[in-house]
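Presented below is the structure to which this report refers.
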């Protein structure tokens with residue numbers, strides 16, 4: 001049951017954890033396997049969960065657990081979007097890992113402290129180490145999506161990114177800058 005609670009907690013913040021679906025895969029598969037064992041018609045799940053001895057975690061599952069804990073306690077974990085600062089979106093697609101969308105900004109207080117203007121940020125003429133993540137979206141590819149051509153997959157990722165972040169794009173004072181590694185998208 002604690003594994004379900006942990007996955008529920010981290011799932012609530014999944015938009016802010018890089019590669020969340022990929023990082024949680026070992027734990028989700030373990031939870032799914034346990035549910036298959038626990039599922040019996042004559043016992044409720046809570047009773048079975050309390051009486052069953054669990055197999056030990058594998059190294060991969062422990063690593064997944066630690067990565068999630070580290071991601072949730074990272075210094076640059078969350079910032080609230082600022083409507084008066086340029087909004088940037090980076091999209092990337094991989095047949096192995098799925099696709100990711102990172103929405104980020106340079107906080108206005110850091111821009112002021114370092115003497116960086118919004119125009120310099122829009123042109124990418126600043127130290128990228130001061131970027132802070134606003135939202136991180138990740139999706140594993142379905143079997144149908146794996147058969148897409150690369151250009152279709154990149155375009156699908158772009159459409160996904162715009163749909164999921166339109167509430168941020170529409171209210172920002174600056175045009176949103178979208179970075180991708182594919183020239184045709």
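The values are calculated or read from the model by the stated rules, or taken from the named source; none is laboratory data. Keep in mind that this is a model prediction, so the values were computed, not measured. Glycine gets a Cβ as well: all are built from the backbone with ideal geometry, and neighbour counts include every protein chain shown.
General observations
- Residue check for residue 53: within 30 Å of residue 94 (Cα to Cα) and either modelled with pLDDT under 85 or not in a helix (DSSP H, G or I) (or both): no
Yes/no per residue for (1) more than 17 Å from residue 173 (Cα to Cα); (2) free of Cβ contacts under 8 Å to residues at least 12 places away in the same chain; (3) within 11 Å of the chain's Cα centre (by Cα):
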position: 101; (1), (2), (3): yes, no, yes
position: 104; (1), (2), (3): no, no, no
position: 113; (1), (2), (3): yes, yes, no
position: 125; (1), (2), (3): yes, yes, no
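- Test: residue in the range 169-184 that is outside the structural domain of residue 22 (by TED's automatic domain parsing) and in a helix (DSSP H, G or I): yes
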